[in-house]
Structures are given as C-alpha cells and as structure tokens.
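Heads up: the structure comes next, in structure tokens.
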Amino acid sequence: MIAKMNKLTLLIYHKEYNGFLQRLRDVGVVHVVERESGAAGNPELEKQLSLAARYKQVIRRLEMCSVPEHSPAKETTGATALLDRFDTLVAEIEQQKSAIQAVEKDIAAIAPWGDFDFNTIDKLEKAGYRLQFFITAEKNFAPEWAEKYNAITVSSLSSRLHFVTVTPLGVEVDIDAEQAKLPTASLSSLKGEKERMQQHLDALENEYKELAASSLNTLRAAHTALQYEVEFSKVALGGEKVSGDKLLLLEGWVPEENTAELKAMLDNSGAFYRLRPVRRGDDAPVKLKNNAFTRMYEVLTKMYGMPGGTDFDPTPVVAPFFSLFFAFCMGDAGYGLILILLGFYLKKKLKSDLAGMMNLVITLGICTTVLGALLGTFFGMSLLDSNLPQELKEFIIAGDVELFGATYDVQMILALAIGVVHISIAMTVKAINSTVFFGFKESLSVWGWWLVVVGGAIVGTLTFLSVIPAEVSKWVLIAVGSIGAIGIYLLNNFRRNVFSNIGAGLWDTYNMASGLLGDILSYIRLFALGLAGGMLGSTFNSLALMVVEDREGIGLVFGWIGFGLIIVIGHILNIAMSCLSAFVHPLRLTFVEYFKNAGYEGKGTEYKPFKNNKE
C-alpha cells in the first residue's frame, strides 16, 4: 500500500535558513521539493557534482581490483590527493602500455631478420657496399636475384620470404619485392627495453593495487560525505526568495505517520509552516508501506516505476504471483532446495544491503520446492516413478486432461488458468482504481469490460464445474454481455455523442479482442519453461547413468567419477539457465500482461527524505 502524505510549506528567515535545514535534516522525514532554478548554474554546486563524479568513477575502477581492503572505513583525510594520484597512475599505466605496444611492434618487425648489429651495416657502407632488406612471397622470389644482386634468404615465415641484397654503392636494385622498414635498434636491445618497460609497468600496477587496498574505503567515505554536502546544497539552493529576499519559501512532503514528530521540531523552530493532506493533482512522492513478505518484492515495482497519482501499489499482487510464476518456471523441488541453501549462505557472506535480497531468494526457493513437489519433479526425476507412497502421489499435478474433445497436459491448462486469474485480477484492480480516482460515472466503460471478460470467465468456470446449469449460464452470459455492452458502447464518455461513443467502443473491442487472447496465451511460457528445465535435467541424469552402465573394475571407478561430474556440472548449468528464465519471463508477465490490463503507469516519484546519512 501507499503511505498517506501531507504537504509541508515553510517560510524561514534568511539568516536562520542553514541552521533550520540542519535541524530539518536531523529529523529526517521531509521529502524536500528541489527547484532547479536555484541550483542551476551555481559554480560551487557544479564543482561538488564534478568531484562526486570523479569519486564515483575512481571507486568503480578500484572495486574491480580483487584485493583485500584494509583501510579504515571512516577516514577521509587526503581523499582528493588520492584522486590525483589515481589519475596520475592511470595516465602513466596507459602511457607505459602504449610504449610497450610500440616496442612489441618493432620487435615483430625485426624478429624475422634475427639479432644483428646496425654498426655492421654502417661498416659495409664505408667499404662501398649497400645492404637492403626485402620481403616477398616465396613463389615470387626469382633465382636470378641471387646472382645479380647477391640476394641472400634470411628467413621464411607464413610463405613470406625475408631476404637481403648486397650491392656496390650506386647500383640500383630493381626487383618486384616490398622493401622492409626496420627500426633503428637491434632485436636484443629492443627486448631489453621491453623488459625494463614491463618492470616499470608492473611496479605501477602494483602501486595501483596497493592504492585500491589501502584507499578504497577512504574514497567511499569521502564520496558519502560529499554526497551529503551535495544534497544539502541542492536543498539550500532550492529555497525560493520572497518578501524582498528576507524570507525563503520551502516545500516538501512528510508521511502522515511522521507528522507529529515533525511538528514538535517546527513548533520550537519559530518558522512559519503549514501542513495539509495530499489533494488530487498533487505530485506527491510515493512511500510504499507493506508487510515483511510483500516488502521483498518492492524492488520489482521500483524496477518498472513507482505508483503515480492515480495508481494503486501493485506490490501486494506482484508478490504472490511473481513467486508462483518463478516456481512454475523452475518447476523442480530439488532446485528449490538449492536456492534455499544458496540464499542462507550468501546472506552470511554478503554486505547488509545485499543480504536483504537473499530473503527474496530464500522465499522463491521455498515456493519452488513446494510447487516443484506438486508438479512431481526432483532434480530432473519424476516423483510419479519413484517409491513415494501412493497417498502422496495423489497430490502430484501431472498427466493429461480431456477438454472439449481433445487431450491436453494438465500443467499447461493450469498455466492458462493462472493467466486468466491474473488478468482478471488486473482488470478488477483497473476498474476499482478508475472508480476511486475518477468516479463511477467515468468508469462505466471499464466496468463494462470487467463484466464481459471477468464476469464471463466466472460464469464459464461455474458452468464447467457444474455449479450453474448450462441453460441458466446461457441467459446469465447474455445478461452480463448486454449490461457490459451498454457501458462499452453507449456510456463510455458522457461528453461525446452516441455515435462517437459507439466508434470508440468498437475500437476498444478490436484492441481487446486482439490483445486479450495473446495475453492469456503468454502464460503458456510458464508451462513451457518448466517442461524444458525438467527435460534438460532428466537428460543430464540419463547421460550420467549411461557413463556407469556395463562397466567393471577400474572402468567403473572412472564411470562413477564421470557420473558425478555430469550430474554436478549439468544440474548447475540447468539451475543457472532456469533461474534466468524464471526471473525474466515472470517479470515480463508482470510488466506487460498484468500492468497493461491493470492500467498501471508507474510514473510516480519515490519518497526520499532529507536526512542525515552520515555513519
């Protein structure tokens, strides 16, 4: 659900403004409305933001170094100097790498010619001979070059012939070959230079790693402190000057549950303030307030967008259905147990902010274990074929069911039934939401579609279960459809004439008919993904058993080793792929099928109180 908000309007005397903001931040319950006009173009704030961006970039790069951190977490002294040293190190490392690449290029160019002294070439020239270097394809080398130009082959690499010519000075060498461009240093000197440069690079990189180990927490603490200052500056600059610049106007929002705490501070501050409940049309921030189970799934709601001014909080519906979808896609009780164990393990190893996410992993693991057992799969093995008591096997949902003269897999029908229920709930939420925010009169079209779709689904289900006789359900459907059609085609908008309403109703009918069936069929992916994961797990089991079949002696030992490798590696891969699919596709069913039919927009602003975040 969404916590109720009150709007706060403040007038503060300019000389008391900064001190008042400090006290307001200590209370830490007000979401302050920031005005860009005050903060825009402020040189001090821009300097702070630029420095914060540098901290963030440096911290991200240092975190990529897999080294132990041993600096005090709250130490911020000399943090800017560390930034400068980091920038210098990065520049020197990149420069050194570029220089090594240039030397490596020279080494690659001279390596085919061997290690020789360039002074020898100079001595030949003084003696009246010229030494030239050529490269050509082996097939293009002419034997007469050896006689005419004293061509001597030095090496042959990848069908490329490297040769030299020795001719008297003044003799032009006219051959069809590429003249090599060599560096001015010998191979041995280039290799020595590369080794020295590599040692220098290693020293720089070691210093870089040491910087990461000794200074990462210092930079984090400095970044947090700077963000603290930036937040304060934004709020301070966001005040609107009124009454000849003597007063500053500030607006914000406070949850109703925190109003009493805030009023106690405001009454003692001497500032003028006014509190009023949120009104329709107010752009109030959103604070989600849910129970412990639902709260774990708020991260999914925030991924899409916070509820806007005309939205309900979708998290209470997202939580149970996402759990069900995830478990259906995984579809294996054994994999659910692995997720539970993994969640408890990582909860102890990870930092506190990430450890909370492991509660969600554990919950999804529990749901997967329960539903996987009901679907009859345990690490790719069918529980129906196991030695379980027959009384327990009766609870397994598996096999075929006959509907309308055809046979279908019962799990596929279950997936479609879940889709019908999910979309029906979405349309119910949309109808109630529209009535609450826009009134029943403006929601007749929405209720009309609810009667046709949801009402029709309910009547059809009751008829299928023989609760309502078929003769009665026919007339009930006609009545439900007729009443719904009035809202859809005639009363969808009281400000338009009847013909415009009919046209709009026909367009809605086309969109509903073309979209609703596709939305429901999308839920088959729950069955398909669970089936694929189960079949892949079963395949790994079969491959593992094939390794140990018909083996004896030492061969049986190696067979069991192969069995273990296939089982472990195969199921790890299957769990990883199944988890990815079981997250992405339920997320799609939630964001596309449910949110679309529920009319959820998710354009709200998250409640972020102006508070003291210092550790």
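Taken residue by residue, the stretch 558-580 has no member that is closer than 30 Å to residue 228 by Cβ, of a type outside the set (S, T, N, Q), open to solvent by 60 Å² or more (accessible area, probe 1.4 Å) and in contact with a helix residue (DSSP H, G or I) (Cβ under 9 Å, 6 or more places away or on another chain). Pairs linking a residue in the stretch 527-549 that is within 16 Å of residue 569 (Cα to Cα) and open to solvent by 50 Å² or more (accessible area, probe 1.4 Å) to a residue that is of a type in the set (Val, Ile, Thr) and assigned to a helix (DSSP H, G or I), with Cβ atoms under 8 Å and 6 or more positions apart or on different chains, are 543/566.
Taking the stretch 588-615 as the range and being out of contact with any Pro (no Cβ under 8 Å at 6 or more places or on another chain), open to solvent by less than 20 Å² (accessible area, probe 1.4 Å) and of a type in the set (A, V, I, L, M, F, W, C) as the test, the residues that pass are 589, 610.
Taken as a whole, the condition of being in a helix (DSSP H, G or I), open to solvent by 30 Å² or more (accessible area, probe 1.4 Å), modelled with pLDDT of 90 or more and more than 21 Å from residue 19 (Cα to Cα) does not apply to residue 319.
Scanning the stretch 533-545 finds one or more residues that are in contact with a strand residue (DSSP E or B) (Cβ under 6 Å, 6 or more places away or on another chain) and either farther than 20 Å from residue 322 by Cβ or part of a loop (DSSP other than H, G, I, E, B) (or both). Of note, residue 109 satisfies the criterion of being at pLDDT 80 or above and small (Gly, Ala, Ser).
Against the list (1) assigned to a helix (DSSP H, G or I); (2) under 23 Å from residue 535 (Cα atoms), the condition residue 387 fails is (1). Number of residues in the stretch 459-499 that are surrounded by fewer than 16 Cβ atoms within 10 Å (Cβ to Cβ), part of a loop (DSSP other than H, G, I, E, B) and among the aliphatic types (A, V, I, L, M) equals 2. Contact map, the stretch 567-579: first residue part of a helix (DSSP H, G or I), second residue aliphatic (A, V, I, L, M) and open to solvent by 40 Å² or more (accessible area, probe 1.4 Å), Cβ cut-off under 7 Å, separation 6 or more or different chains; pairs are 574/536; 575/338.
Of the listed requirements (1) assigned to a helix (DSSP H, G or I); (2) over 17 Å from residue 420 (Cβ atoms), residue 520 misses just one: (2).
So that you can scan it fast, the table gives a plain yes or no per residue for (1) of a type outside the set (D, E, K, R); (2) under 60 Å from the mean Cα position of the chain (by Cα); (3) assigned to a helix (DSSP H, G or I):
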| residue | (1), (2), (3) |
| --- | --- |
| 124 | yes, no, yes |
| 147 | no, no, yes |
| 161 | yes, yes, no |
| 167 | yes, no, no |
| 171 | yes, no, no |
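Of the residues making up the stretch 384-409, those that are surrounded by 14 or more Cβ atoms within 10 Å (Cβ to Cβ) and free of Cβ contacts under 8 Å to residues at least 40 places away in the same chain are 388, 393, 396, 398.
Per the listing 170, 192, the residue uniquely at positive phi and either without any contact (Cβ under 8 Å) to a residue 12 or more places away in the chain or not charged (D, E, K, R) (or both) is 170. Being over 22 Å from residue 426 (Cα atoms), in a helix (DSSP H, G or I) and not polar (S, T, N, Q) is the requirement here; does residue 502 meet it? Here the answer is yes, as residue 502 does meet what is asked. What is the one condition in (1) touching a Gly at 6+ places or on another chain (Cβ under 8 Å); (2) within 30 Å of residue 310 (Cβ to Cβ); (3) not acidic (Asp, Glu) that residue 457 does not satisfy? Going through the list (1) touching a Gly at 6+ places or on another chain (Cβ under 8 Å); (2) within 30 Å of residue 310 (Cβ to Cβ); (3) not acidic (Asp, Glu), residue 457 breaks only (1). Note on the stretch 206-230: among residues that are charged (D, E, K, R), open to solvent by 60 Å² or more (accessible area, probe 1.4 Å) and in contact with a helix residue (DSSP H, G or I) (Cβ under 8 Å, 6 or more places away or on another chain), the one that is nearest to residue 95 (Cα to Cα) is 207. Residue selection: residue 595 fails the criterion of being touching a strand residue (DSSP E or B) at 6+ places or on another chain (Cβ under 7 Å) and either in contact (Cβ under 8 Å) with a residue 40 or more places away in the chain or not in a helix (DSSP H, G or I) (or both). The set of residues in the stretch 263-306 that are under 30 Å from residue 19 (Cβ atoms) and part of a loop (DSSP other than H, G, I, E, B) comprises 270, 271, 278, 282, 283, 284, 285, 287. Does residue 217 fit the bill of being farther than 13 Å from residue 17 by Cβ and without any contact (Cβ under 8 Å) to a residue 24 or more places away in the chain? When the stated conditions are applied, residue 217 does not pass them.
The values are calculated or read from the model by the stated rules, or taken from the named source; none is laboratory data. Predicted model, so just to flag it, every value in this text is computed and none were measured. Because the Cβ atoms are built from the backbone with ideal geometry, glycine has one as well, and the counts that use them run over all protein chains shown. Heads up: the accessible areas ignore ligands, DNA and RNA and are worked out on the full protein's heavy atoms, side chains in. Shrake-Rupley method; radii C 1.70, N 1.55, O 1.52, S 1.80 Å.
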